[in-house]
1. Using the structure shown, decide if PHE173 is of a type outside the set (D, E, K, R), part of a helix (DSSP H, G or I) and touching a Pro at 6+ places or on another chain (Cβ under 8 Å).
2. Cβ-Cβ under 6 Å, sequence separation 6+ or interchain: first residue in the stretch 58-70 and in contact (Cβ under 8 Å) with a residue 24 or more places away in the chain, partner among the β-branched types (Val, Ile, Thr) and part of a loop (DSSP other than H, G, I, E, B). Which pairs?
3. If a residue has to be touching a strand residue (DSSP E or B) at 6+ places or on another chain (Cβ under 7 Å) and either at positive phi or assigned to a helix (DSSP H, G or I) (or both) to count, how many in the stretch 223-243 make the cut?
4. Among the residues of the stretch 13-30 satisfying the criterion of being surrounded by fewer than 23 Cβ atoms within 10 Å (Cβ to Cβ) and touching a helix residue (DSSP H, G or I) at 6+ places or on another chain (Cβ under 6 Å), which is nearest to LEU94 (Cα to Cα)?
5. What are the residue pairs meeting all of these: first residue in the stretch 140-166, first residue in a helix (DSSP H, G or I), second residue among the β-branched types (Val, Ile, Thr), Cβ atoms under 6 Å, and 6 or more apart or on different chains?
6. Give LEU231, LEU180, LEU204 a once-over and let me know the one that is of a type in the set (A, V, I, L, M), touching a Lys or Arg at 6+ places or on another chain (Cβ under 8 Å) and touching a residue at least 60 places away in the same chain (Cβ under 8 Å).
7. Mind checking which residues of the stretch 217-247 are buried (at least 18 other Cβ atoms within 10 Å of the Cβ) and closer than 22 Å to GLU39 by Cβ?
8. Residues that are touching a Ser or Thr at 6+ places or on another chain (Cβ under 7 Å), at least 2 per element: which helices (runs of 4 or more DSSP H) completely within the stretch 1-110 meet that?
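Each reported figure results from applying straightforward, stated rules to the coordinates on display, with no laboratory input. What you see is a predicted model; the values in this text were computed from it and never measured. Positions of Cβ are generated from backbone atoms using ideal geometry, with glycine treated the same way; all protein chains shown enter the neighbour counts.
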Amino acid sequence: MADSAVPLPFVDVRTPADAGDHVAAVLIHGWASGSLYWEPLAAKLLDGGRSAWILDLPGYHPGEDLSGFDWTLDSAGESVAAAIEERGGKPVHLVGHSMGGSVALTVAANRPELVATVTLVSMVPAPPNEGFKNLLVSQLEQGFFDAATKAKLMNAWYGPLTDQEMATLSKGFDVPFPVLSASAMAAMSGVEPSVPGRVQAPLLVIAGTGDRVRSIDQMREFVAAGRNRQLKPVADAGHTVHWERPDECAQALQEFWNTSWHPPA
């Protein structure tokens, strides 16, 4: 059973008509983001017969009470692990975007029995872009995120958006500022140095070659530094490659899952 002190995150479970024995994919969003930007990829996974659990990290679901919760990568990882245990505790495929990748690595390092594979989308453990870091720090110090900064960040993450897309995808900034602030600090700090080396599960990095937050060179360096790691570069995509190119991401994921992990006998 999950520890009652750990808040269970909201999980939107999507199951295809015929899921068979496929291992579920758990989609973990990044900082100032939410479940909505997973929709295109989740639809492709469902079409391929794969169950998708779209998860809202602690504090990111509307109306959630987080009294007394200390937001760190470890505590967020415990919450994700609790959600997996709540649904049977069988190994799942973790897919984490940006900060969600840090959460996925934390779960895989601390609770390997719950993890079949790990996929990092537009993320590897590396120092953040200094310009991005300085921008975040300035907003945290003033106590709110102004409209100009939100627009600048959204452009860096997504590129040009329609007004409707901007309104939908920027909802991650609507979470309470203490959650936004604490999770921003977690995103900037990243995982402890020992975490990647403790991950036993096969690992895939999906990266857009035009990512302005994490460079493709950083992705290649991380993959080359460890065993059982693969890189799938997506040409001309940016930081939200799963939103921009869901077909290519879904294909890369299905191929990775089918070839990298087999259930214990």
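1. The answer is no for PHE173.
2. Cβ pairs passing all conditions: GLY59/VAL175; TYR60/VAL175.
3. Summing the residues that are touching a strand residue (DSSP E or B) at 6+ places or on another chain (Cβ under 7 Å) and either at positive phi or assigned to a helix (DSSP H, G or I) (or both) in the stretch 223-243 gives 4.
4. Going through the qualifying residues, I end up with ARG14.
5. Matching pairs, first to second residue: TRP157/THR240; TYR158/THR240.
6. Working: LEU231 fails: touching a residue at least 60 places away in the same chain (Cβ under 8 Å); LEU180 fails: touching a Lys or Arg at 6+ places or on another chain (Cβ under 8 Å).
None of the others qualify; the one that does is LEU204.
7. LYS232, VAL234, ALA237, GLY238, HIS239, THR240, VAL241, HIS242, TRP243, GLU244, ARG245, PRO246
8. Result: 73-86.
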